[in-house]
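The structure appears below as C-alpha cells.
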Amino acid sequence: QVQLVESGGGLVHPGGSLKLSCAASESSFSSYAIMGWYRQAPGKQRDLVATITSGSSTNYADSVKGRFTISRDNAKNTVYLQMNSLKPEDTAVFYCNTVPWGANYWGQGTQVTVSS
C-alpha cells in the first residue's frame, strides 16, 4: 500500500515562507496520480488548496492563489508546496493525497503555524 509522508512544516512569522514535501513510498505513484495538498485548520473541515496533474498543470484555491506554488518531481516521487507571504489564517495541518482523495492515503500531515 502506498504511503504518503509529509514534511517541512513549522512555525513562521507572518509574511514568511515554508516549503512542504510529500514523498510517496511507491515508485512512480506520484507520476501518474493527480496530487493535491489539503489543509485542516482547528475546528474546520479539510480543504483542498492546490492540485497538480501528471503533466504538471496546476490549480489553486482562491485563498492561496499567487502565494502558494505546487510542483512535483516524478523521479523522486515527491510533490512540493512552496508557501510564500504566509498569513495567520494559513495555520493548519497540511496533508497531501490524490485528487479525489483516497481514504487509505492520508498521512500524519505536517503542522504549519503562522504567528508573530
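Annotation: amide H-H contacts under 5 Å for T91 (H modelled 1.01 Å from N, sequence separation of 5 or more, or interchain): V114. Among G43, G55, G15, the residue with the largest mean-square fluctuation in a Gaussian network model of the chain, with springs joining Cα atoms closer than 10 Å, is G43. Per-residue extension of 0.36 nm, minus the Cα-Cα distance of L11 and S115, leaves a gain of 36.7 nm for this segment. Placing pseudo-labels 7 Å out from each Cα toward the beta carbon at K65 and W106 gives an inter-label distance of 2.8 nm. Multiplying each eigenvalue of the alpha-carbon gyration tensor of the chain by 5 and taking the square root yields semi-axes of 22, 14, 13 Å, largest first, rounded to whole angstroms.
State the percentage of accessible surface on the chain attributable to carbon and sulfur atoms; use a 1.4 Å probe and exclude ligands, DNA and RNA. The nonpolar share, carbon plus sulfur, comes to 47 percent.
Per residue of the chain, the DSSP helices (runs of n ≥ 4 H) give a summed -39500 (n - 2.57) that works out to -500 deg cm²/dmol at 222 nm.
The values are calculated or read from the model by the stated rules, or taken from the named source; none is laboratory data. This one's a predicted model, so the numbers in the text were calculated from it and none came from an experiment. We place every Cβ from the backbone using ideal geometry, glycine too, and count neighbours over all the protein chains shown. Calculation scope for accessible area: heavy atoms of the full protein, side chains included, ligands and nucleic acids excluded. Shrake-Rupley method; radii C 1.70, N 1.55, O 1.52, S 1.80 Å.
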